[in-house]
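First up is the structure itself, then whatever we jot down about it.
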């Protein structure tokens, strides 16, 4: 992986690590001491700030100075050090931050890499809700799909007693129909547009409005909170129809991801949206969209599926990465 050269280095002495989960909507920050304890935490709304540096300045104003940083960022990461965010006009430049704050090292992770690192923790594994099967098998690849502001995807690969986390930008792949209804949706799209939509364009928090208005032309989409609450309150209403298709799409793409990585060890559904729509994600007829393929159906049906309810997984993943790669023994 691109970050492998950085992983050869370790820190010594009393390290205080700055941890961050920089999402499309919110940023969570924490400081972790040498013992692996979080000694300060903060959550801010990104729209209140013009750049990431302003967020850090405010957080560190009354905190001890950090000596290293691990930042989980929603967007494609270059060389584990730099990220131009996808759903927010922020540039996270680790080299600049390293110089400005006199840090020994800055590592930038894709947010789904951090989520996956968090889910390797035994404590977070124990909190997973099994939706199919009795347990995940981390001796084989396990994929993570995470609908939030975007549609994050990653793979946990076992390697020599630990893990390699393969981050992706798979949510931006060209959308492929998985049912007659989704095929009709795509057909209507091509009648009006000359570009191929991505999975994330419809099947993410930022895509809910487009999905609703594509399903029900001429109608204005409610806001996301109203859409979710209406779907749960009226299982036969239009909001519920929208959320049913959304859930089916997440599972269909999870099946694609499992095939791509031969992830017979399991599928973890994470992110902020699925726990709020738990009834939709627990329905076996929706889970079966994992294996509604033309090949490998029996293998796909045997894959265990788990739901993560934790909302702080990326920051816990940044801490887990830090413990394994940055902290001295």
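Do the conditions hold for residue 114, that is, is it under 29 Å from residue 162 (Cα atoms), in contact with a helix residue (DSSP H, G or I) (Cβ under 8 Å, 6 or more places away or on another chain), part of a helix (DSSP H, G or I) and not assigned by TED's automatic domain parsing to the domain that holds residue 265? Spelling it out, residue 114 is indeed under 29 Å from residue 162 (Cα atoms), in contact with a helix residue (DSSP H, G or I) (Cβ under 8 Å, 6 or more places away or on another chain), part of a helix (DSSP H, G or I) and not assigned by TED's automatic domain parsing to the domain that holds residue 265.
Every condition in (1) modelled with pLDDT of 90 or more; (2) within 27 Å of residue 147 (Cβ to Cβ) is met by residue 64 except one, and the failing one is (2). Taking the conditions exactly as written (out of contact with any strand residue (DSSP E or B) (no Cβ under 6 Å at 6 or more places or on another chain), modelled with pLDDT of 90 or more, outside the structural domain of residue 159 (by TED's automatic domain parsing) and not in a strand (DSSP E or B)), does residue 53 satisfy them or not? For residue 53, the condition - out of contact with any strand residue (DSSP E or B) (no Cβ under 6 Å at 6 or more places or on another chain), modelled with pLDDT of 90 or more, outside the structural domain of residue 159 (by TED's automatic domain parsing) and not in a strand (DSSP E or B) - is met. Which residue is surrounded by the fewest Cβ atoms within 10 Å (Cβ to Cβ), if the candidates are limited to segment 138-170 and must be modelled with pLDDT of 95 or more and not in a strand (DSSP E or B)? Among residues in segment 138-170 that are modelled with pLDDT of 95 or more and not in a strand (DSSP E or B), the one surrounded by the fewest Cβ atoms within 10 Å (Cβ to Cβ) is 139.
Is at least one residue of segment 77-90 under 11 Å from the mean Cα position of the chain (by Cα), outside the structural domain of residue 206 (by TED's automatic domain parsing) and crowded, with 20+ Cβ neighbours inside 10 Å? Let's see the steps before the verdict.
We begin by selecting, within segment 77-90, every residue under 11 Å from the mean Cα position of the chain (by Cα); these are none.
There is no residue in segment 77-90 that is under 11 Å from the mean Cα position of the chain (by Cα), outside the structural domain of residue 206 (by TED's automatic domain parsing) and crowded, with 20+ Cβ neighbours inside 10 Å.
Please list, ordered by residue number, the helices (runs of 4 or more DSSP H) wholly in segment 235-329 having 1 or more residues that are assigned by TED's automatic domain parsing to the domain that holds residue 38, farther than 20 Å from residue 147 by Cβ and under 19 Å from the mean Cα position of the chain (by Cα). Walk me through how you get there before you give the answer.
Values: elements: 238-261, 278-282, 284-287, 297-301, 313-325.
Because the criterion is at least 1 residues that are assigned by TED's automatic domain parsing to the domain that holds residue 38, farther than 20 Å from residue 147 by Cβ and under 19 Å from the mean Cα position of the chain (by Cα), the helices (runs of 4 or more DSSP H) in segment 235-329 that meet it are 313-325.
When segment 302-315 is filtered for residues that are touching a helix residue (DSSP H, G or I) at 6+ places or on another chain (Cβ under 7 Å) and farther than 13 Å from residue 126 by Cβ, the ones remaining, listed by number, are 303, 305, 307, 313, 314. Picking from residues in segment 30-40 that are part of a strand (DSSP E or B) and free of Cβ contacts under 8 Å to residues at least 60 places away in the same chain, the one that is surrounded by the fewest Cβ atoms within 10 Å (Cβ to Cβ) is 39. Contact map, segment 115-144: first residue without any contact (Cβ under 8 Å) to a residue 40 or more places away in the chain, second residue assigned to a helix (DSSP H, G or I), Cβ cut-off under 8 Å, separation 6 or more or different chains; pairs are 125/119.
The values are calculated or read from the model by the stated rules, or taken from the named source; none is laboratory data. All values derive from a computational prediction rather than experimental measurement. When we count neighbours, we look across all protein chains shown, and the Cβ atoms used for this are built from the backbone with ideal geometry, even at glycine.
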